Amino acid sequence: MMTVTYENVHNKFKLNGFHLDKDDLCRVAYSFIKEGEDFEKPVGDFLLDWFDNKEFIQMQTSGTTGTPKIISVSKQAMVNSALATGDFFGLEPGNKALHCLPVKYVAGKMMLVRAMILGLDLEFVAPSSHPLRNNEYDYDFVAMVPLQAQNSISELKRVKKMIVGGAKINNSLEKQLIKLKTEAFETYGMTETITHIAAKKVGEKAFTVLPDVTISYDDRNCLVIHAPRISDEVIVTNDIVELINENQFIFLGRMDNVINSGGIKLIPEQIEEKLAGKIDVRFFIASKEDKELGEKVILVVEGEKQAIDDAIFADLDKYEKPKEIVFVPKFKETPTGKILRNETLL
(Lines give C-alpha, C1' and ligand atoms only; values in the text may rest on other atoms or scores of the structure.)
Protein backbone atom coordinates (compact mmCIF):
# COMPACT_ATOMS: atom_id res chain seq x y z
CA MET A 1 0.00 0.00 0.00
CA MET A 2 1.36 3.43 -0.95
CA THR A 3 2.37 5.63 1.98
CA VAL A 4 0.62 8.98 1.87
CA THR A 5 3.18 11.76 2.32
CA TYR A 6 2.89 15.54 2.62
CA GLU A 7 3.77 15.88 -1.07
CA ASN A 8 0.54 14.12 -2.07
CA VAL A 9 -2.52 16.19 -2.91
CA HIS A 10 -5.58 13.97 -3.31
CA ASN A 11 -7.09 14.14 -6.81
CA LYS A 12 -10.55 14.82 -5.33
CA PHE A 13 -9.32 17.86 -3.34
CA LYS A 14 -11.07 21.13 -4.16
CA LEU A 15 -10.62 24.63 -2.76
CA ASN A 16 -13.62 26.95 -3.16
CA GLY A 17 -14.94 24.79 -6.01
CA PHE A 18 -11.67 24.36 -7.96
CA HIS A 19 -9.62 21.17 -8.33
CA LEU A 20 -6.07 22.18 -7.41
CA ASP A 21 -2.84 20.16 -7.46
CA LYS A 22 0.47 20.98 -5.78
CA ASP A 23 1.60 23.45 -8.50
CA ASP A 24 -1.80 25.17 -8.52
CA LEU A 25 -1.69 25.51 -4.73
CA CYS A 26 1.74 27.14 -4.86
CA ARG A 27 0.43 29.66 -7.42
CA VAL A 28 -2.64 30.32 -5.22
CA ALA A 29 -0.29 30.76 -2.24
CA TYR A 30 1.69 33.49 -4.01
CA SER A 31 -1.45 35.36 -5.00
CA PHE A 32 -2.83 35.09 -1.42
CA ILE A 33 0.42 36.56 -0.07
CA LYS A 34 0.61 39.35 -2.67
CA GLU A 35 -2.99 40.43 -3.04
CA GLY A 36 -5.08 38.30 -0.67
CA GLU A 37 -7.21 39.52 2.20
CA ASP A 38 -5.73 39.53 5.72
CA PHE A 39 -7.02 36.06 6.54
CA GLU A 40 -5.67 34.62 3.25
CA LYS A 41 -2.04 35.72 3.74
CA PRO A 42 -1.30 33.14 6.51
CA VAL A 43 -2.81 30.47 4.21
CA GLY A 44 -0.38 31.44 1.45
CA ASP A 45 2.53 31.32 3.91
CA PHE A 46 1.44 27.92 5.21
CA LEU A 47 1.04 26.39 1.72
CA LEU A 48 4.51 27.52 0.66
CA ASP A 49 5.97 26.12 3.90
CA TRP A 50 4.03 22.88 3.37
CA PHE A 51 5.42 22.29 -0.13
CA ASP A 52 9.04 23.33 0.54
CA ASN A 53 11.69 20.62 0.81
CA LYS A 54 11.80 20.59 4.62
CA GLU A 55 10.23 17.77 6.64
CA PHE A 56 9.15 20.03 9.52
CA ILE A 57 6.95 23.07 9.91
CA GLN A 58 7.01 25.76 12.61
CA MET A 59 3.87 26.17 14.68
CA GLN A 60 2.74 28.51 17.44
CA THR A 61 1.13 27.09 20.58
CA SER A 62 -2.02 28.87 21.79
CA GLY A 63 -0.61 29.89 25.17
CA THR A 64 -3.36 28.31 27.28
CA THR A 65 -0.86 26.66 29.61
CA GLY A 66 1.97 29.18 29.48
CA THR A 67 3.61 31.70 27.18
CA PRO A 68 2.86 30.95 23.50
CA LYS A 69 5.91 29.35 21.92
CA ILE A 70 7.04 28.18 18.50
CA ILE A 71 7.48 24.42 18.12
CA SER A 72 8.69 22.31 15.20
CA VAL A 73 6.21 19.71 13.93
CA SER A 74 6.80 16.88 11.45
CA LYS A 75 4.74 17.20 8.26
CA GLN A 76 4.41 13.41 8.08
CA ALA A 77 2.97 13.43 11.61
CA MET A 78 0.40 16.00 10.43
CA VAL A 79 -0.50 13.72 7.49
CA ASN A 80 -0.87 10.78 9.91
CA SER A 81 -3.09 12.90 12.15
CA ALA A 82 -5.28 13.82 9.15
CA LEU A 83 -5.62 10.14 8.16
CA ALA A 84 -6.57 9.20 11.75
CA THR A 85 -9.24 11.93 11.80
CA GLY A 86 -10.59 10.68 8.46
CA ASP A 87 -10.86 7.13 9.84
CA PHE A 88 -12.41 8.15 13.15
CA PHE A 89 -15.09 10.39 11.63
CA GLY A 90 -15.68 8.32 8.48
CA LEU A 91 -14.70 11.10 6.05
CA GLU A 92 -14.76 10.22 2.35
CA PRO A 93 -13.08 11.82 -0.70
CA GLY A 94 -15.44 14.44 -2.14
CA ASN A 95 -17.10 15.23 1.22
CA LYS A 96 -17.84 18.95 1.48
CA ALA A 97 -16.09 20.67 4.39
CA LEU A 98 -16.05 24.22 5.75
CA HIS A 99 -12.82 25.92 6.80
CA CYS A 100 -13.60 28.83 9.15
CA LEU A 101 -10.64 28.80 11.59
CA PRO A 102 -7.56 31.06 11.60
CA VAL A 103 -4.67 29.31 9.82
CA LYS A 104 -2.25 30.93 12.28
CA TYR A 105 -3.05 28.11 14.77
CA VAL A 106 -2.80 24.34 14.52
CA ALA A 107 -6.55 23.66 14.07
CA GLY A 108 -6.72 25.94 11.02
CA LYS A 109 -3.57 24.41 9.50
CA MET A 110 -4.86 20.88 10.08
CA MET A 111 -8.21 21.56 8.40
CA LEU A 112 -6.29 22.43 5.22
CA VAL A 113 -4.05 19.37 5.56
CA ARG A 114 -7.08 17.07 6.05
CA ALA A 115 -8.70 18.48 2.91
CA MET A 116 -5.57 18.01 0.76
CA ILE A 117 -4.79 14.52 2.10
CA LEU A 118 -8.35 13.11 2.33
CA GLY A 119 -9.65 14.75 -0.86
CA LEU A 120 -12.27 17.00 0.71
CA ASP A 121 -14.18 19.67 -1.20
CA LEU A 122 -13.15 22.61 1.01
CA GLU A 123 -15.08 25.86 1.22
CA PHE A 124 -12.78 28.45 2.71
CA VAL A 125 -14.21 31.53 4.51
CA ALA A 126 -12.80 34.32 6.67
CA PRO A 127 -12.71 33.28 10.33
CA SER A 128 -15.63 34.98 12.07
CA SER A 129 -17.99 34.39 14.97
CA HIS A 130 -20.86 33.59 12.49
CA PRO A 131 -19.17 31.30 9.92
CA LEU A 132 -22.38 29.92 8.35
CA ARG A 133 -24.21 33.22 8.05
CA ASN A 134 -23.34 34.24 4.49
CA ASN A 135 -23.45 30.96 2.61
CA GLU A 136 -26.10 28.43 1.69
CA TYR A 137 -24.04 25.24 1.30
CA ASP A 138 -24.69 21.95 3.08
CA TYR A 139 -21.57 20.49 4.70
CA ASP A 140 -20.48 16.96 5.59
CA PHE A 141 -17.79 18.12 8.01
CA VAL A 142 -17.06 21.36 9.89
CA ALA A 143 -14.62 22.32 12.67
CA MET A 144 -15.48 25.25 14.96
CA VAL A 145 -14.60 26.80 18.29
CA PRO A 146 -17.45 26.95 20.88
CA LEU A 147 -18.33 30.61 20.17
CA GLN A 148 -18.82 29.84 16.45
CA ALA A 149 -20.95 26.78 17.27
CA GLN A 150 -23.06 28.84 19.72
CA ASN A 151 -23.71 31.52 17.07
CA SER A 152 -24.55 28.93 14.38
CA ILE A 153 -27.19 26.86 16.23
CA SER A 154 -30.01 27.84 13.85
CA GLU A 155 -27.86 27.07 10.75
CA LEU A 156 -26.32 23.78 11.88
CA LYS A 157 -29.12 21.84 10.18
CA ARG A 158 -26.89 22.24 7.08
CA VAL A 159 -24.04 20.37 8.79
CA LYS A 160 -23.90 16.56 9.07
CA LYS A 161 -20.89 16.26 11.37
CA MET A 162 -18.98 18.85 13.35
CA ILE A 163 -16.06 18.93 15.75
CA VAL A 164 -15.78 21.62 18.40
CA GLY A 165 -12.41 22.33 19.99
CA GLY A 166 -10.10 25.03 21.28
CA ALA A 167 -12.06 25.47 24.50
CA LYS A 168 -14.47 23.40 26.59
CA ILE A 169 -18.12 23.22 25.49
CA ASN A 170 -20.18 24.76 28.28
CA ASN A 171 -23.32 23.22 29.75
CA SER A 172 -25.76 25.48 27.89
CA LEU A 173 -24.16 24.91 24.45
CA GLU A 174 -24.01 21.16 25.09
CA LYS A 175 -27.79 21.06 25.75
CA GLN A 176 -28.48 22.94 22.50
CA LEU A 177 -26.18 20.72 20.41
CA ILE A 178 -27.68 17.49 21.78
CA LYS A 179 -31.10 18.50 20.36
CA LEU A 180 -29.77 18.89 16.81
CA LYS A 181 -29.60 16.27 14.06
CA THR A 182 -25.97 17.32 13.50
CA GLU A 183 -23.50 14.81 14.93
CA ALA A 184 -21.44 17.06 17.20
CA PHE A 185 -18.19 16.03 18.88
CA GLU A 186 -16.03 17.73 21.47
CA THR A 187 -12.34 17.17 20.80
CA TYR A 188 -9.34 16.84 23.09
CA GLY A 189 -5.84 17.83 22.04
CA MET A 190 -3.11 20.44 21.99
CA THR A 191 -0.55 21.81 19.55
CA GLU A 192 1.98 19.20 20.73
CA THR A 193 -0.41 16.38 19.68
CA ILE A 194 -1.07 18.16 16.35
CA THR A 195 -4.68 19.05 17.13
CA HIS A 196 -7.01 16.38 18.60
CA ILE A 197 -6.02 12.86 19.68
CA ALA A 198 -9.46 12.05 21.14
CA ALA A 199 -13.10 13.02 20.74
CA LYS A 200 -16.45 12.40 22.39
CA LYS A 201 -20.00 12.81 21.17
CA VAL A 202 -21.57 15.84 22.81
CA GLY A 203 -23.42 14.62 25.89
CA GLU A 204 -21.13 11.65 26.53
CA LYS A 205 -18.67 11.73 29.44
CA ALA A 206 -15.70 9.81 28.08
CA PHE A 207 -13.31 10.75 25.29
CA THR A 208 -12.29 7.97 22.88
CA VAL A 209 -8.83 8.15 21.31
CA LEU A 210 -8.21 8.19 17.56
CA PRO A 211 -6.67 5.19 15.72
CA ASP A 212 -3.06 4.30 16.70
CA VAL A 213 -3.24 6.24 19.98
CA THR A 214 -3.16 4.62 23.42
CA ILE A 215 -3.20 6.27 26.82
CA SER A 216 -2.12 5.71 30.40
CA TYR A 217 -1.62 7.97 33.41
CA ASP A 218 1.27 8.88 35.68
CA ASP A 219 1.52 8.96 39.48
CA ARG A 220 -0.27 12.34 39.52
CA ASN A 221 -3.26 10.77 37.70
CA CYS A 222 -2.35 12.94 34.68
CA LEU A 223 -2.92 11.69 31.14
CA VAL A 224 0.04 10.20 29.26
CA ILE A 225 -0.40 9.92 25.48
CA HIS A 226 1.31 7.27 23.33
CA ALA A 227 0.89 8.27 19.68
CA PRO A 228 3.91 6.91 17.78
CA ARG A 229 2.58 8.00 14.36
CA ILE A 230 2.27 11.58 15.59
CA SER A 231 5.01 12.00 18.21
CA ASP A 232 8.30 10.11 18.69
CA GLU A 233 8.12 10.93 22.38
CA VAL A 234 5.46 9.97 24.89
CA ILE A 235 3.45 13.12 25.71
CA VAL A 236 2.94 13.70 29.45
CA THR A 237 0.12 16.19 30.07
CA ASN A 238 -1.01 18.15 33.13
CA ASP A 239 -4.60 16.97 32.62
CA ILE A 240 -6.05 14.96 35.51
CA VAL A 241 -8.13 12.09 34.12
CA GLU A 242 -10.08 9.03 35.10
CA LEU A 243 -8.92 6.19 32.85
CA ILE A 244 -11.68 3.85 31.69
CA ASN A 245 -9.40 1.68 29.50
CA GLU A 246 -6.42 2.26 27.23
CA ASN A 247 -8.69 3.93 24.67
CA GLN A 248 -11.07 6.00 26.82
CA PHE A 249 -10.76 8.59 29.57
CA ILE A 250 -12.82 11.17 31.44
CA PHE A 251 -11.23 14.62 31.74
CA LEU A 252 -11.43 15.87 35.35
CA GLY A 253 -9.34 19.06 35.33
CA ARG A 254 -5.87 20.56 35.06
CA MET A 255 -3.11 19.91 37.57
CA ASP A 256 -2.10 23.60 37.36
CA ASN A 257 -5.54 24.62 38.69
CA VAL A 258 -5.69 22.24 41.70
CA ILE A 259 -6.45 24.05 44.98
CA ASN A 260 -5.04 22.81 48.30
CA SER A 261 -7.47 24.12 50.90
CA GLY A 262 -6.79 23.00 54.46
CA GLY A 263 -5.01 19.91 53.16
CA ILE A 264 -7.94 18.94 50.90
CA LYS A 265 -7.11 18.87 47.17
CA LEU A 266 -9.90 20.35 45.08
CA ILE A 267 -10.23 20.34 41.28
CA PRO A 268 -11.89 23.63 40.16
CA GLU A 269 -13.34 22.07 36.99
CA GLN A 270 -15.26 19.54 39.12
CA ILE A 271 -16.78 22.33 41.23
CA GLU A 272 -17.63 24.27 38.06
CA GLU A 273 -19.43 21.19 36.72
CA LYS A 274 -21.67 21.18 39.83
CA LEU A 275 -22.46 24.90 39.34
CA ALA A 276 -23.10 24.57 35.58
CA GLY A 277 -26.37 26.18 34.52
CA LYS A 278 -26.90 27.90 37.89
CA ILE A 279 -25.13 31.18 37.05
CA ASP A 280 -26.25 32.92 33.86
CA VAL A 281 -22.88 34.52 33.03
CA ARG A 282 -19.37 33.09 32.62
CA PHE A 283 -17.56 32.09 35.80
CA PHE A 284 -14.73 29.93 37.08
CA ILE A 285 -13.40 28.63 40.38
CA ALA A 286 -9.97 29.80 41.59
CA SER A 287 -8.15 30.36 44.87
CA LYS A 288 -6.61 33.06 47.03
CA GLU A 289 -3.98 32.77 49.73
CA ASP A 290 -5.49 32.26 53.17
CA LYS A 291 -3.78 32.28 56.60
CA GLU A 292 -5.78 29.37 58.01
CA LEU A 293 -6.43 27.20 54.93
CA GLY A 294 -3.33 27.94 52.87
CA GLU A 295 -5.62 28.53 49.89
CA LYS A 296 -9.31 29.42 49.96
CA VAL A 297 -11.79 28.73 47.16
CA ILE A 298 -13.15 31.78 45.35
CA LEU A 299 -15.81 32.15 42.64
CA VAL A 300 -14.80 34.51 39.82
CA VAL A 301 -17.77 35.93 37.87
CA GLU A 302 -17.66 37.93 34.62
CA GLY A 303 -19.55 41.22 34.43
CA GLU A 304 -21.16 43.73 36.76
CA LYS A 305 -21.47 42.98 40.48
CA GLN A 306 -24.72 41.09 41.14
CA ALA A 307 -26.41 39.23 43.97
CA ILE A 308 -25.55 35.50 43.90
CA ASP A 309 -28.08 33.33 45.73
CA ASP A 310 -26.38 31.13 48.33
CA ALA A 311 -28.73 28.28 47.35
CA ILE A 312 -26.72 27.60 44.18
CA PHE A 313 -23.94 26.20 46.39
CA ALA A 314 -26.22 23.58 47.98
CA ASP A 315 -24.67 20.67 46.02
CA LEU A 316 -21.10 21.59 46.97
CA ASP A 317 -19.13 19.93 49.76
CA LYS A 318 -18.04 22.08 52.70
CA TYR A 319 -14.53 22.62 51.32
CA GLU A 320 -15.75 23.28 47.75
CA LYS A 321 -18.00 26.19 48.73
CA PRO A 322 -16.48 29.54 47.68
CA LYS A 323 -15.36 31.70 50.61
CA GLU A 324 -15.46 34.84 48.44
CA ILE A 325 -17.02 36.01 45.15
CA VAL A 326 -14.92 38.22 42.86
CA PHE A 327 -16.41 40.12 39.90
CA VAL A 328 -14.24 40.86 36.84
CA PRO A 329 -15.59 43.13 34.03
CA LYS A 330 -14.19 40.94 31.20
CA PHE A 331 -12.33 37.63 31.27
CA LYS A 332 -9.04 37.36 29.40
CA GLU A 333 -9.06 34.50 26.88
CA THR A 334 -7.12 32.78 24.10
CA PRO A 335 -8.13 33.39 20.44
CA THR A 336 -10.19 30.17 20.61
CA GLY A 337 -12.20 31.37 23.62
CA LYS A 338 -10.46 29.42 26.39
CA ILE A 339 -10.45 31.47 29.61
CA LEU A 340 -6.98 32.44 30.85
CA ARG A 341 -7.60 32.07 34.56
CA ASN A 342 -4.35 33.46 35.95
CA GLU A 343 -4.23 36.48 33.63
CA THR A 344 -7.87 37.30 34.42
CA LEU A 345 -7.04 37.53 38.13
CA LEU A 346 -3.93 39.72 37.75
Just one of the numbered conditions (1) under 17 Å from D49 (Cβ atoms); (2) open to solvent by 20 Å² or more (accessible area, probe 1.4 Å) is not true of G90; which one? (1)
Among all residue pairs at least 6 apart or on different chains, which show Cβ distances below 8 Å where the first residue, located in the range 318-346, is more than 17 Å from P68 (Cβ to Cβ) and in a loop (DSSP other than H, G, I, E, B) and the second is open to solvent by 60 Å² or more (accessible area, probe 1.4 Å) and of a type in the set (A, V, I, L, M)? Y319/I264
Only one of these conditions is not met by S154: (1) assigned to a helix (DSSP H, G or I); (2) more than 16 Å from T193 (Cα to Cα); (3) touching a Pro at 6+ places or on another chain (Cβ under 8 Å). Which number is it? (3)
Go through (1) under 22 Å from the mean Cα position of the chain (by Cα); (2) free of Cβ contacts under 8 Å to residues at least 40 places away in the same chain; (3) farther than 19 Å from N170 by Cα one by one and return the number of the condition T237 breaks. (2)
Which residues, counting only those in the range 126-139, are open to solvent by less than 40 Å² (accessible area, probe 1.4 Å) and either among the charged types (D, E, K, R) or assigned to a strand (DSSP E or B) (or both)? Y139
For the range 159-179, check the following and say yes or no: at least one residue is assigned to a loop (DSSP other than H, G, I, E, B), buried (at least 20 other Cβ atoms within 10 Å of the Cβ) and modelled with pLDDT of 95 or more. no
Given (1) touching a residue at least 24 places away in the same chain (Cβ under 8 Å); (2) among the charged types (D, E, K, R); (3) within 30 Å of D309 (Cα to Cα), index of the condition E246 fails: (3)
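Condition first: hydroxyl-bearing (S, T, Y) and either more than 28 Å from I230 (Cβ to Cβ) or surrounded by 18 or more Cβ atoms within 10 Å (Cβ to Cβ) (or both). Now tell me which residues in the range 5-14 satisfy that.
Of everything in the range 5-14, just one residue is hydroxyl-bearing (S, T, Y) and either more than 28 Å from I230 (Cβ to Cβ) or surrounded by 18 or more Cβ atoms within 10 Å (Cβ to Cβ) (or both), namely Y6.
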Scan the range 42-58 for residues that are within 11 Å of K75 (Cβ to Cβ), open to solvent by 10 Å² or more (accessible area, probe 1.4 Å) and either hydroxyl-bearing (S, T, Y) or in a helix (DSSP H, G or I) (or both) and jot them down. D49
Does D315 fit the bill of being touching a Lys or Arg at 6+ places or on another chain (Cβ under 7 Å) and part of a loop (DSSP other than H, G, I, E, B)? yes
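If I filter the range 327-337 for residues that are among the hydrophobic types (A, V, I, L, M, F, W, C) and over 29 Å from T237 (Cα atoms), do I get at least one hit?
Yes.
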Just checking, how many residues over the range 86-108 are assigned to a helix (DSSP H, G or I) and touching a helix residue (DSSP H, G or I) at 6+ places or on another chain (Cβ under 6 Å)? 2
Whichever residue in the range 309-346 is of a type in the set (A, V, I, L, M) and open to solvent by less than 40 Å² (accessible area, probe 1.4 Å) and, among such residues, is nearest to the chain's Cα centre (by Cα): L340
Checking H226 against (1) without any contact (Cβ under 8 Å) to a residue 24 or more places away in the chain; (2) more than 26 Å from P146 (Cα to Cα); (3) touching a helix residue (DSSP H, G or I) at 6+ places or on another chain (Cβ under 7 Å): exactly one of these is not met. Which one? (3)
Which ones in the range 261-272 are touching a Gly at 6+ places or on another chain (Cβ under 9 Å) and open to solvent by 50 Å² or more (accessible area, probe 1.4 Å)? G263, Q270
Strands (runs of 3 or more DSSP E) fully within the range 187-260 counting 2 or more residues that are open to solvent by less than 20 Å² (accessible area, probe 1.4 Å) and either more than 30 Å from D290 (Cα to Cα) or hydrophobic (A, V, I, L, M, F, W, C) (or both): 195-201, 207-209, 222-226, 235-245
Could we say that Y217 is among the aromatic types (F, W, Y), without any contact (Cβ under 8 Å) to a residue 60 or more places away in the chain and closer than 19 Å to E246 by Cα here? yes
Would you check which residues across the range 15-41 are assigned to a strand (DSSP E or B) and surrounded by 18 or more Cβ atoms within 10 Å (Cβ to Cβ) and list them? L15
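The values are calculated or read from the model by the stated rules, or taken from the named source; none is laboratory data. Treat the numbers as computed from the prediction; the structure is a model and nothing was measured. With ideal geometry, Cβ positions are generated from the backbone for all residues, glycine too; neighbour counts draw on all protein chains shown. For the accessible areas, the whole protein counts, side chains as well, though only heavy atoms, and no ligand, DNA or RNA atoms are used. Shrake-Rupley method; radii C 1.70, N 1.55, O 1.52, S 1.80 Å.
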